[in-house]
1. Could you tell me which numbered condition Arg521 fails, if it satisfies all but one of (1) surrounded by fewer than 21 Cβ atoms within 10 Å (Cβ to Cβ); (2) over 30 Å from Arg637 (Cα atoms)?
2. How many of the residues in the stretch 472-499 are open to solvent by 10 Å² or more (accessible area, probe 1.4 Å) and acidic (Asp, Glu)?
3. Only one of (1) open to solvent by less than 50 Å² (accessible area, probe 1.4 Å); (2) hydrophobic (A, V, I, L, M, F, W, C); (3) at pLDDT 50 or above is not met by Ile184, so which one is it?
4. Restricted to the stretch 146-167, and to residues that are open to solvent by less than 20 Å² (accessible area, probe 1.4 Å) and out of contact with any His (no Cβ under 6 Å at 6 or more places or on another chain), which residue is modelled with the lowest pLDDT?
5. For the condition farther than 29 Å from His142 by Cβ and in contact with a strand residue (DSSP E or B) (Cβ under 9 Å, 6 or more places away or on another chain), what is the one hit in Arg412, Arg377?
6. Out of curiosity, is Leu629 aliphatic (A, V, I, L, M), touching a Ser or Thr at 6+ places or on another chain (Cβ under 8 Å) and on the phi < 0 side of the Ramachandran plot?
7. Which one is farthest from Arg433 (Cα to Cα) among residues in the stretch 203-246 that are exposed (fewer than 14 other Cβ atoms within 10 Å of the Cβ) and of a type in the set (Gly, Ala, Ser)?
8. Out of Arg528, Arg535, I need the residue that is at pLDDT below 95, basic (Lys, Arg) and out of contact with any strand residue (DSSP E or B) (no Cβ under 8 Å at 6 or more places or on another chain). Which one?
Amino acid sequence: MKVILLAGGRGTRLAEETGVRPKPMVEIGGKPILWHIMQGYAHHGFDEFYVACGYLGEVIKQYFIDYSRLRGDVSVDLRHGTIDVSSATDEHWQVHLVDTGQETMTGGRVLRLRDELQDGTFMVTYGDGVGNIDLTSLLHFHKQQGKLATLTAVRPPARYGGLEFDGESVVSFTEKPQTGEGWINGGYLVFEPGIFDYLQGDSCSLEIDALQQLAGDGQLAAYRHPDFWQCMDTIRDKQLLERLWSTGEAPWKVWDMPSPKPVNRVASLNGENGQHRSDIAKSSHGSGGSSRPQMISLHESGMNEKEETTAELPEMECVTFWRDRRVFVTGGTGLVGSWLVRRLLDLEADVICLVRDWAPHSALVRNGLISKVTQVRGHIEDQALMERTLNEYEIDSVFHLAAQTIVGTANRNPVSTFKSNIEGTWSLLEGCRRSPTVKQIVLASSDKAYGTQRQLPYDEDTPLEGRHPYDVSKSCADLIAQSYATTYDLPVVVTRCGNFFGGGDLNWNRIVPGTIRSVIRDECPVIRSNGKFVRDYFYVEDGVEAYLMLAEQLAHRPELIGQAFNFSNEHPVTVVEIVNHILEAMNSTELQPSILNQASHEIPEQYLSADKARDVLGWKPLWSLEEGLTRTVDWYRQFFVTGELPGNSIAANGVREESGTHF
């Protein structure tokens, strides 16, 4: 990806600095602001730069000529008059320095590079503004929109300090916060070669001529970046940036963050002393001649190609990734959704939940957490509602769990299942496609999407061949997600899990909670099927951590887009065996199950391979089947003693979210 840096202006409002050097060479922390901008692009893998030089362009050229020479070892042969330089730079950049004219306007400078930019999408920015823009997400957003141009819309810093009141008392003072004073063009643009049809000569202004016309033609998209951005127009701006840099608080210094690398997820979640991550979170609260560029190569050791790795977020990033992140959860009052919402709140995320029906027995209601999330009331199939929600709440991450999940219900009324599971999926994903803020989408599919297969366990290459209504609905939703990823580069990943179980599932027709309740009542448990169906049973907290981990990695690894991952503890058992496990855990083996043999239109054997999740994500389950069952039994024992949901664990009634089937 080629990056154009507009570096030819005079910077008259910064005359104290620009009398002897162009504005992009004004230093912040001993480095030109141009260097800071390039570091930001290179951090995202964009490291071929075209610097459009103009005023005092020779200063920029000399800087990069000396960049390699003066940072390495120099050997001078006085006898033969030769100089050998061993480069010592860490930057793997290619820098093309192009004379684009002293008086050329911004659009004209881009036009002069036309011959170099005809081979595809390219990026452009100004040489005087820095920010912590997610440039990878910006590029993905641009591709999703299918327009000729995308600009990064930013909120300028307020001119004055901000006050917050409690009655007549000031409770907070913020010096010139990044506030909602309107959106402006912050640079960091992405263009297609068709942009050149809008550029006419050296006097063309990129902003006044090209962008305004593109907007009128419906060919300009805006990627909204509500976080840090700062231009350097005046000496006061320079002093602000210098202060941030010198105090180690420069938000744009993204290249200094630890690169994603494998870590022990279990250690990260359980803490050094075995404490679980949720407990840690709670306790810590036209024309114009084309000039051939002068090219300086700062890359001496071969291109640093992107490789697919098992990279994982560093431990501290895992904990802080979700802080203040706006997360939309569909199916948030169900079993997995309730645990997920609780974890997100523990991690200080800003959670927005889609709620179709008011469920007074839902754990989110009974434990009071419903008051800590923003509720959006309505149906997942309502595309207009999805678009409004994603837009108005400026959603960053989406977890799509909402679905009609009961096999019996699907068999009795397939149309309502198809509407929820299929139409609901495309309505949400279309809303995400049109949203400029959504960066990660985790879509919960199911092992049912694979259908009946002769070869087990299922892996991610197994074809999706659902035949019964519920299975077909999950196959379709899965394929729709992959279609949006492939066609529009929508940042969506798919999870395929088995039957979730865990505390808080109050749907007593499901085998795990139903069996536990029967034992507590000193009754024989009831098995609806013949007891021989083979299934994966997956503990709900493992599922939640897998979802969070996948979203975290997707933020740093665009190669994951469109991929599906099986999550399983790889311990398949029959229905009779899972019942016997529960009876043993509850010391009630004398209560033998009653087998009704009434199930129909269900897949006899289903279980998953988690090899891909282990190899690509570095994932592994945190709890064994037995450990998960023990935690679940403890939850229900407390629930039946007190009649209230245990305070240290939260879940719900399993309504309308991806949780598993009944046996």
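1. That leaves (2) as the condition not met.
2. Number satisfying all stated conditions: 1.
3. With (1) open to solvent by less than 50 Å² (accessible area, probe 1.4 Å); (2) hydrophobic (A, V, I, L, M, F, W, C); (3) at pLDDT 50 or above applied to Ile184, the lone miss is (1).
4. Ala158
5. Going through Arg412, Arg377 in turn, the sole match is Arg377.
6. For Leu629, the condition - aliphatic (A, V, I, L, M), touching a Ser or Thr at 6+ places or on another chain (Cβ under 8 Å) and on the phi < 0 side of the Ramachandran plot - is not met.
7. Looking at the filtered set, the residue picked out is Ser246.
8. Residue meeting the stated conditions: Arg528.
The values are calculated or read from the model by the stated rules, or taken from the named source; none is laboratory data. None of these values were measured; they are calculated from a predicted model. Because the Cβ atoms are built from the backbone with ideal geometry, glycine has one as well, and the counts that use them run over all protein chains shown. Areas reflect the complete protein model, heavy atoms only, side chains present, ligands, DNA and RNA absent. Shrake-Rupley method; radii C 1.70, N 1.55, O 1.52, S 1.80 Å.
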